[in-house]
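Enquirer: This is the structure, below, for whatever I ask next.
Derivation of every value follows stated rules applied to the coordinates shown; laboratory data play no part. Remember, predicted model here, so these are calculated numbers, not experimental data. Positions of Cβ are backbone-derived with ideal geometry, glycine not excepted, and every protein chain shown enters the neighbour counts.
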Amino acid sequence: MSTLLSAVYMFCALCLALYTGSQLLLIVLYLRHRHEHPQLPQMTAYPKVAIQLPLYNEKFVVEPLLDAIAQLDYPRDRLIVQVLDDSTDETIAIVAHKVAQLQAFGLNIEHIQREHRVGYKAGAMAYGLTLLDDVEFIAIFDADFLPPSNFLKQTIPHFSTNPKLAIVQTRWGHTNVNANWLTSAQSLAIDAHFVVEQKARNGGGLLLTFNGTGGVWRKQAIIDSGGWSASTLTEDLDLSYRAQIRGWQYLYLPEIVVPGEIPPVMMAYKRQQARWAQGTNQCLIKLFGPVWRSSLTLGQKLMATQHLVQYLPHSFMLLLLLLTPIMILMGAFQNLPLAWMGLLGVVPPIMHLFAQTKLHQDHWVKRILYFPVLMIIGTGIMWNNVRAAFNAFKTAFTHAESEFKRTPKFGKGHQTHSYKLRADWSRYVELALAIYAIWGLVVALQLHPTVAPYMALYAISFTIVFGWDFYDRWQLQRQADAETPASEITTVSMPIVEAFPTLDEALELEPIAEEKVFS
């Protein structure tokens, strides 16, 4: 038994090491290509462009989005705006009123509503595509993203010099980076992805993912690659890989920044990460074969695989956590050659350091101080992501439909709107893992002190994430109770207080009796 557990332990450690080593390769590619900046071609004629704005219950952020779109500097006779509104709440009326105003000012904008939300975001964009005849390019923005006025004039010209260019992606900025520690920590991860990883992949000729918003597609590339598909929860990753496998190309422009909202509460962040984890693993199942059967180079195939497995390391980390106290008690831990893993542990901080020194030359030290918070929440949501990854494989084998649960957008209402919450059973798994890690820490301190910092990280991470989630819910529930008139106080069994925006509404959670897991 000891030999078997040791083999499993070393296998998990090796997988984590390989993944971390691949991140080191991305750092090297970033350093090699970080000074490369494509020149903006001269535009002799303005091609026709459509802007797609997929919405679902976005009443807190939709008006600033439409205002930003109205300010785009592009000929009005060459621009079509599609508001793809699948909403079921007040968003419909807000959009209808705003669209009427913008139409009166000469903007060619349509308020498009489907009878059924088939295919979720992918379905909405696919439907909108069927209504576009003579459009060459399609820009896409999520509800919380605010493109700069020169966005189209800084992106569209690049298509004119390369007929095989399918995607132009820009960098995500942040509208609420300083809202709290959670948003500040998340911004580090987003910056590392867009500053280092995307730049490295683009410069190194590797496959990249369209990030779902803040980018422009060539319409013909979408059609040629099979169109938008709701078979995964990350339709952006799916289509962008299918396009690149077919020979279409990708251009990343980090100098153009489109700011968006970072989830300001733990439940919203966990939901976002769960959807990304499940969707990425669904893409792994769907695209692994096509990637390796394609004409891509060996390096492109290897790094595409590294990208597709990016949420699997949490599974290996969870196994290591569960095995470590047992291995210590069995006396098998002393014989494991793990000292080399400490060296690889410096790779993620280095990647984040490069990103922050690039973006914030004057105050990068202050920014990088949030890295321990990022490390804690990244470790603490491990079960959240493992659960979602498991659901990706479960739905693949059972052919069950995956429900798209979008990340709620709070806008400026995060501090002023009331929310009624209900418990999510998965957080009690996180509490159980916190207790287990604390027990493991005690075992390590007694029998193998060198492992104690490792176990302490798990204990602290799970405890903080559980407490953070609990605190967010308590705060918002307290606001809801304080603002609800006595005549409108409902019983505990009621899932929503109708008079006020609720987090149940924002997160689209079902009543407790109809609760579903991510599927």
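Enquirer: What spacing in nm lies between the two simple spin-label points modelled at Thr130 and Arg246, each 7 Å away from Cα in the Cβ direction?
Expert: 1.9 nm
Enquirer: Dividing the alpha-carbon Rg of region 100-223 by 2.2 N^0.38 Å yields what?
Expert: 1.22
Enquirer: Here's a follow-up. What does the highest-first list of 217-229, 384-396 look like by mean Cβ count within 10 Å?
Expert: Packing order, densest peptide first, comes out as 384-396, 217-229.
Enquirer: Moving on to the next point. Return the lysines within reach of Lys412: Cα separation strictly under 19 angstrom, same-chain partners fewer than 8 residues apart disregarded; answer none if there are no such residues.
Expert: Filter leaves Lys59, Lys98, Lys420.
Enquirer: In nm, to one decimal, how far is the modelled label at Tyr428 from the one at Val28, with both set 7 Å along Cα→Cβ?
Expert: Result for the modelled spin labels: 4.9 nm.
Enquirer: Return the tail of the calculated pair distribution for region 43-156, meaning the percent of Cα-Cα pairs more than 17 Å apart.
Expert: Considering region 43-156, 51 percent of its Cα-Cα pairs are separated by more than 17 Å.
Enquirer: Tell me, Kirkwood radius of region 305-410 from alpha-carbon pair distances, in Å?
Expert: 17.4 Å
Enquirer: Go ahead and estimate [θ] at 222 nm for the chain from helices alone: -39,500 (n - 2.57) per DSSP H run with n ≥ 4, summed, over the residue count, rounded to 500.
Expert: -16500 deg cm²/dmol
Enquirer: How much FRET efficiency would the formula 1/(1 + (r/R0)^6) give for Leu298 and Glu255, where r is the Cβ-Cβ distance and R0 is 30 Å, rounded to 0.05?
Expert: So the FRET efficiency works out to roughly 0.45.
Enquirer: May I pose another question? For region 206-211, take each phi angle, set θ = phi - 60°, evaluate the Karplus expression 6.51 cos²θ - 1.76 cosθ + 1.60, and give the result in whole Hz per residue in order, putting x for glycine and proline.
Expert: Couplings: 8, 6, 10, 10, 5, 8 Hz.
Enquirer: Test of understanding: express the Cα radius of gyration of region 281-328 as a ratio to 2.2 N^0.38 Å, with N the residue count.
Expert: For region 281-328, the normalised Cα radius of gyration comes out at 1.55.
Enquirer: On full extension of the chain, what length is gained from Leu329 through His35, given 0.36 nm per residue of separation minus the C-alpha to C-alpha distance?
Expert: Taking Leu329 through His35 to full extension adds about 100.7 nm, to one decimal.
Enquirer: Any chance you could tell me what percent of the C-alpha pair distances in region 231-314 go past 14 Å?
Expert: 69 percent
Enquirer: Could the peptides 145-158, 289-302 be put in order, highest first, of the mean number of other beta-carbon atoms found within 10 Å of their residues?
Expert: Top of the packing list down: 145-158, 289-302.
Enquirer: In nm, give the distance between the simple-model label positions of Arg78 and Phe390, each being 7 Å from the Cα along the Cα-to-Cβ direction.
Expert: Rounded to a tenth, the inter-label distance reads 5.3 nm.
Enquirer: Kirkwood hydrodynamic radius (Cα pairs, Å) of region 36-308?
Expert: Taking the inverse mean of 1/r over all distinct Cα pairs, region 36-308 comes out at 19.2 Å.
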